[in-house]
Amino acid sequence: MLRLSTKCQYGVRAMYEIAKGYPDTPITIREIAQRQDVSVPYLEQILGRLRRTGLIRSVKGPGGGYLLASSPERVSIGAIVSDLEGPVAITSCLDPEEGCVKIDGCVVHMLWKALGRQIEDFLNTITLVDLLEGSQFETQMLMAGPTAHTLPTSLIDETAIV
C-alpha cells in the first residue's frame, strides 16, 4: 500500500491553513496546530523546511506568523510533497538513495516508474486554491476515475447489447 508520511500529510494541511490567510494575514504555528490537531514541535520542523525551500515566509513580531511566498494558485500539492518527501518513489528500487541492483533485468521497474510519474503529474495539477475552493479537486477526481477504465473506441463493439 502506498502511504505518504505524516510529515507530508501535516505539511499539506498546514499549507492549507496558511493559504487561508493569503495574501496578508499571517497564521501562527499555534493556530495551525490547534486547527489541524498537530503538535507544535513537529510543525516547527515541517514549516522550517517549507520556509527554507521558499514555499512560505515567516513574519516576526506581534501579529506575525506564516504567509505563502506565492499565491495559492501557484503552489501545487506536488511542490509541497516534493519539498517534504523528495521525488515520488513508490518502491525502494526507485528511491535515489537506495537504488536497485536489478534495474536492467527487472520486468516491473518501468511500471513502477511510470506509476510514480502519474502520481507526481496528478499532484502537480492540484493547487492550494483548488483545496480552498474544493471544486477543481473534485473535478480532477471525477475525471481520473472513469477515464482510467474506459476502453479505447476501437475495442468497443457498438452492435453489442449491454
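The values are calculated or read from the model by the stated rules, or taken from the named source; none is laboratory data. Just so it is clear, the model here is predicted, and its values are computed rather than measured. Virtual Cβ from ideal backbone geometry, glycine too; neighbours counted across all protein chains shown.
Worth a mention:
- Restricted to the range 1-23, and to residues there that are surrounded by 13 or more Cβ atoms within 10 Å (Cβ to Cβ) and aliphatic (A, V, I, L, M), the residue that is farthest from residue 73 (Cα to Cα) is 4.
- Flag if residue 82 is at pLDDT 90 or above and not in a helix (DSSP H, G or I): no
- Any hit, the range 24-45, residues being surrounded by fewer than 18 Cβ atoms within 10 Å (Cβ to Cβ) and among the aliphatic types (A, V, I, L, M): yes
- Residue count for the range 34-74, restricted to those that are on the phi < 0 side of the Ramachandran plot, free of Cβ contacts under 8 Å to residues at least 24 places away in the same chain and not polar (S, T, N, Q): 11
- Just one of the listed residues (101, 38) is over 25 Å from residue 122 (Cα atoms), modelled with pLDDT of 95 or more, hydrophobic (A, V, I, L, M, F, W, C) and outside any helix (DSSP H, G or I), and it is 38.
- With respect to the conditions (1) at pLDDT below 70; (2) more than 30 Å from residue 51 (Cα to Cα); (3) surrounded by 12 or more Cβ atoms within 10 Å (Cβ to Cβ), residue 148 falls short on a single one, namely (3).
- The residue that is farthest from residue 69 (Cα to Cα), counting only those in the range 1-45 that are aliphatic (A, V, I, L, M) and under 14 Å from the mean Cα position of the chain (by Cα), is 2.
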